[in-house]
Structure formats: structure tokens, C-alpha cells
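Here is the structure we will look at, set down as C-alpha cells.
Every read-out reported here was derived from the displayed coordinates using simple, explicitly stated rules and does not represent laboratory data. It should be emphasised that the depicted structure is a prediction, and the values quoted were computed from it without experimental measurement. Heads up, the Cβs are rebuilt from the backbone with ideal geometry, glycines too, and the neighbour counts pull from every protein chain shown.
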2 protein chains.
Amino acid sequence: MNISLIPTAAAISREALINKSAVVFDILRASSTVCTALASGCKEVIPVVEVADAFTLAKTLPDNSFLLGGERGAVKVPGFHLGNSPLEYTSNAVKDKTVILTTTNGTRATRLAAAGSGQVFIGSLLNVSAVAKQLLEMDRDIVLVCAGTRGKFSLEDTLAAGMVTRQLLKLRQTKGFPSAAQRENLPLNGPVYPDEAPVVASHDLVLEDAVVAALRLAEFYGNNPLRALYDSLHGQKLAQMGLAADLAYCAQVDLLDVAPVYRDGKITVEQP
Amino acid sequence: MNISLIPTAAAISREALINKSAVVFDILRASSTVCTALASGCKEVIPVVEVADAFTLAKTLPDNSFLLGGERGAVKVPGFHLGNSPLEYTSNAVKDKTVILTTTNGTRATRLAAAGSGQVFIGSLLNVSAVAKQLLEMDRDIVLVCAGTRGKFSLEDTLAAGMVTRQLLKLRQTKGFPSAAQRENLPLNGPVYPDEAPVVASHDLVLEDAVVAALRLAEFYGNNPLRALYDSLHGQKLAQMGLAADLAYCAQVDLLDVAPVYRDGKITVEQP
């Protein structure tokens, strides 16, 4: 199993995704909102890129069957039912509804990730374990896709990618895979790479440098993920806008047991 | 002071560098070798991109005044005096000589970083404090330029960038700058960003998300930087090639008190 990481939506390439499991992270706040809406019992989330697309799509749906949600500049779109705060997506509000969601970054990243990959999950801190479990079951190579902030590396998305990696490694060990250190008899504990031509045939786990870095961020911030959100550009902006409650909510690891999947333009929770 | 980070040589842009202090990191092994050669008393290091350029330049210099050094595929170039192991660049070997150096990644990153920036330093784990001190004295915005490995994020270069950032923050505090937490009265200790239009006028330090991540890597690996080298793709490749001694050498923080500067095609240590 090979795990790689794409740091921004702009860096997504089709080649990097072919036949892999992808996870899209835009944890402040789009992917946290999607996970919350589906855990609250909404029927499906349809991400659209433009506000106009949202209104056009809404016209094709029966009255009261849908909600318009999303933001521009972190503020609710005029005429929409809901903004982009996951706290608005309660069971009371969204149960059995279709949520049409448009956000600045996450929608684009999700659609791009879907072009070529075998399966696209929506990841956040809220559903780390649920996503890791699905990734292990799929047993494909994995691409962790961070949406990024304004085209740049984002701390909070990379942390979430690292948390999922950490949980995945734990689950693998529980399943009896030898750890990298056990396999290689290394004096140090780091994950192990093969060279381009693997030197050791038993290499069954390859982590890119960027994934190792994400994993180390998970270890650094693991006991206090909220601190990472306050360390990040986007988190500080939201806090300054009075949205500290959203940060506190989005920082809760494994609050939800959902692994949303994006397919054919819709995000749903697979029923077992 | 604004600190940003460029993760790979390919991502260097002139705009990101204008009037800033840049530090180039290619710690396995080019930048560690440059620092070692200059600390060992060589006259100057001239980085060139191609092997042919090295031979051409050598023909213009007096016999015995120069050494040809460098690698392709981590192996010494045929006909060269030295490879790219910093351990070869002893005082005995290089004192008062011009070293003509060609390496796969670091040379390119150094030249690109010089296009536009106010000053280019050569950074490694070996000279963290010396570089941080110079950056503070320059008092310009800073760009940490990681050479990367095969066009991708590299753990070891990012760690070194984080170590320099950490030392810089320590030096600033010693000089009486208030810490981010003191300034903002934040419940958490993270560095603080302004928004695009700074909300707080006293913001005098801005760290990009990627720099915060590098700083956290420095905190994670700070007591054992060698572990990061073994966690990295390139470090593992070198170890497999029998170059573990180079890793152990390059992992020594602040072994050397030099802050090499690249200017007009040459790297030298500024004399006070």
C-alpha cells in the first residue's frame, strides 16, 4: 500500500489518482459540514462549484426536498437556507433532505479528486476512524487530497490527513501487519520507503515524505487538534470573524461514524 | 517579518523572493557539503548545473587552485576529485581551494533562489544558529527554499527549515520581541497570522501554514534529527547505498558556525 499526499487543489493531477482511494480534506469547514450533514440524516449532499449552479439545480427538485447551503468569503450566500457552519446542519434541519452545497475550495477539490480515482471519501477530524477503516477495506493505494487555503499548503487539512494515516497504521498493526521497524530491524522507528526499485520485497507500505510529515503533525497535535486550527491561517481568520465555535466543533476527533463517498456528483453515506 | 516556505525547486517563483532573505536547504547532501567545505577553509564554492560546465570552468583556473566535486545519482562524477559526501571536504582536502560543485537538485535551487531575492544563504542542520542569526540581522521577510527530492516535498529539508525558524523565534524573544501568545493573549501558543488586511496593528511576525508545519516538525524531531533523515525517502536511499555515515554527519545541529552566502555565482562565507 502506497500513501501519497497532494497539498492543494491546484496540485491535483489525474495521473496521481488513477485506481486509488482518495480522501478529500477541507476541514474548515466544507468537509466537516458534509460529514455532519450526512451523520444528521440528510439524504445526500450535492456539491456544486458556482452559486448560480446551486439555484439552477434547486429549480429541478421538489419543494421542501432540498436545502441550499454554502459560503462565499466564509459568509452565508444570500438566499440560501444554510451557511457553511457544520453546527447548522442538525438533524432537525437536514433530515431526509438533499443539501446543495457550494463552498470556495472543497467543492473544486472533490470534483478534481473524482476524476480518475477509484473511490473518493470525504475526510475531516470528525470522522478519522471511519475513513481509515474504509481505506483499509478498499486495500488500494491512497491519495490524501488537501484542499489548501488560497492555493497554498494548509495546516489543518494536512493535520487531518496525518490523523487518518496514523489511524490507518494502527488498524494495520492490529490486523497483524508487521510495523516498518519490525520488518527492517531499523534502529529508528520511522516508516520505511523502498527505493524506486524496492530493495526489500516485503515492503508493503510506502509513505511519501509529505505523508510522514503529516503523520508527525498528527503526533504533535494529537492531544490538542484545536491548537492546530488556531495555528492555521484559515482558522485564525474564522476566529476573528467570530466563528470560534466552529473551530471547536471541527477539532473533535471521531465524533461521527460516517465515511461519506462522492460518486456521480453526489456525496452519500454507503449503507452496509 | 513574514516567513514563507517553498517546498520544491520547481515551485520557486521570482515574485515570491523579491527583496527577501532566502535560505536554500538541500541537506542530503549538497548544502551540508557546501557548509562543511567553507567551514574547512575553502576559498569559495562555485555551484554549476552540468558536469560539462564544471570541466569547462576548471580549464579557466590555475592548476592546483581548484577541486571538482559533486554527484550524479548520489555517486561521484568520473574524473572529479571529490564526491558529494561532506565527510570528504576536510581542511586537508579543501583549504584555500576553489570548489566547483555540481549536484542534482541543490545547484538549481540555489540559482533560482538568487533570481530576485535580496540575499541567499545556504542552510543545513549543521549551521542552524549561524543562519538564524544572519536572518535576524538582515531583518527582511524570509523565504525558506527547500530543494525537495525528485520534484516532491522532502522531509529532511523541511525539518531544517523548521529548525532555523525555531532558532529565529528564540533569538527574537531573547531580543525582547513579545511572543505571539503574549501579544495576542491567546489561550493557545501557536504563532499568529494576520488576515490579508492585518486586524491587529502589532502583528510583527507572520508565519505561513507551511512554516508552522516545519516548526512543528522541528519540535517533533528536535531531540533526534537523525530519525527524520531515516524517515525520509532520500535518507533511506542513501542508507541503502552504504552512506549512513553521511546521514549521521548531516544530522548534527550547529556543528558549524558559518552562514554561507551565494552571490554572483559563488558561495562564500562573509568575513566580519
Legend entry - segment A:30-102 - percent relative contact order, Cα under 8 Å, separation 6 or more: 48 percent
Inset, instruction - Return an integer: the convex hull volume of the alpha-carbon atoms of segment A:30-102, in Å³ per residue. - result: 75 Å³
Legend entry - A:S21, A:S32, A:S129 arranged by Cβ crowding within 10 Å, fewest neighbours leading: A:S129, A:S21, A:S32
Legend entry - Longest DSSP-loop-exposure-free segment, GluC sites (Glu not before Pro), chain B, at most 14 other Cβ within 10 Å: B:51-195
Inset, instruction - Could you please rank B:R263, B:R172, A:R227, placing first whichever residue has the fewest other Cβ atoms within 10 Å of its Cβ? - result: B:R263, B:R172, A:R227
Legend entry - Number of partner chain Cβ atoms within 10 Å, mean per residue of A:209-221: 6
Inset, instruction - Express in nm, to one decimal, how much length is gained between A:T174 and A:R14 on full extension, taking 0.36 nm for each residue of separation and deducting their alpha carbon distance. - result: 54.3 nm
Inset, instruction - For peptide B:231-243, compute the average count of partner chain beta-carbon atoms within 10 Å of each residue's beta-carbon. - result: 4
Inset, instruction - May I have the extent of the alpha carbons of chain B along their three principal axes, as whole Å values ordered from largest to smallest? - result: 62, 37, 31
Inset, instruction - For a label point 7 Å from the Cα of B:M241 along Cα→C-beta, name the residues of segment B:27-56 whose backbone N is under 15 Å from it. - result: B:27-33
Legend entry - Percent of Cα-Cα distances greater than 43 Å, calculated over the protein assembly as shown: 22 percent
Legend entry - FRET efficiency for A:E137 and B:V75, using Cβ-Cβ distance with R0 set to 60 Å, rounded to 0.05: 0.90
Inset, instruction - Quick one: compute the contact order of chain A, relative version, from alpha carbon pairs under 8 angstrom and 6+ residues apart, as a percent. - result: 31 percent
Legend entry - Distance between modelled label sites at B:V49 and B:N224, nm, 7 Å Cα→Cβ extension: 4.1 nm
